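A.B. asks: Below is a structure I'd like to ask you about.
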Amino acid sequence: MKKVTFDCDTGETVELDMTKEEIAELDQNASTPPTLTQEELLLLALTDTQMRLAEQQALTDQLALAISQIQIGGAPE
């Protein structure tokens, strides 16, 4: 049986001779999402936390800038 697949090494679509069992196994492996390791989960949590901290810092900076502008220019009436 012929199976058309993408070869990552060459960057081309190729046609392979495979048995039905091989095709079924390949399709099953392709549809199974990867399981994240504990380390990967921790890195994702760290990244999320860093993004939230950066957002909070940006808001703090905006507030500090607004306060500085009010102090320099006086309170708007």
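The values are calculated or read from the model by the stated rules, or taken from the named source; none is laboratory data. Keep in mind the model is a prediction, meaning the values are calculated, not measured. Reconstructed Cβ throughout: ideal geometry from the backbone, glycine too, with neighbour counts over all protein chains shown. Heavy atoms of the whole protein, side chains included, go into the accessibility calculation; ligands, DNA and RNA do not. Shrake-Rupley method; radii C 1.70, N 1.55, O 1.52, S 1.80 Å.
A.B. asks: Within a Cβ distance under 12 Å of Ala45, other residues only, what is the Lys/Arg minus Asp/Glu net charge?
C.D. replies: With Lys, Arg at +1 and Asp, Glu at -1, the net is -2.
A.B. asks: Ignoring any ligand, DNA or RNA, what whole percent of the accessible area of the chain comes from carbon and sulfur when the probe is 1.4 angstrom?
C.D. replies: Solvent-exposed carbon and sulfur of the chain make up 58 percent of the total.
A.B. asks: So what's the back-of-envelope 222 nm ellipticity for the chain, counting only DSSP H runs of four-plus at -39500 (n - 2.57) apiece and dividing by all residues, rounded to 500?
C.D. replies: Helices in the chain give a 222 nm mean residue ellipticity of -22000 deg cm²/dmol.
A.B. asks: While we're here: About the Cα centre of the chain, what is the dipole size in debye to 20, counting +1 per Lys and Arg Cβ and -1 per Asp and Glu Cβ, all else neutral?
C.D. replies: Charge dipole, the chain, about its Cα centre: 380 debye, nearest 20.
A.B. asks: If Asp7, Asp17, Asp61 are ordered by their accessible area, calculated over protein heavy atoms with a 1.4 Å probe, which sequence runs from highest to lowest?
C.D. replies: Asp17, Asp61, Asp7
A.B. asks: Hey, rough spin-label estimate for Leu43 and Thr19, points 7 angstrom out along Cα→Cβ, what's it come to in nanometres?
C.D. replies: 3.7 nm
A.B. asks: Accessible area per residue of segment 1-67 at 1.4 Å probe, in Å²?
C.D. replies: On a per-residue basis, segment 1-67 sits at 90 Å².
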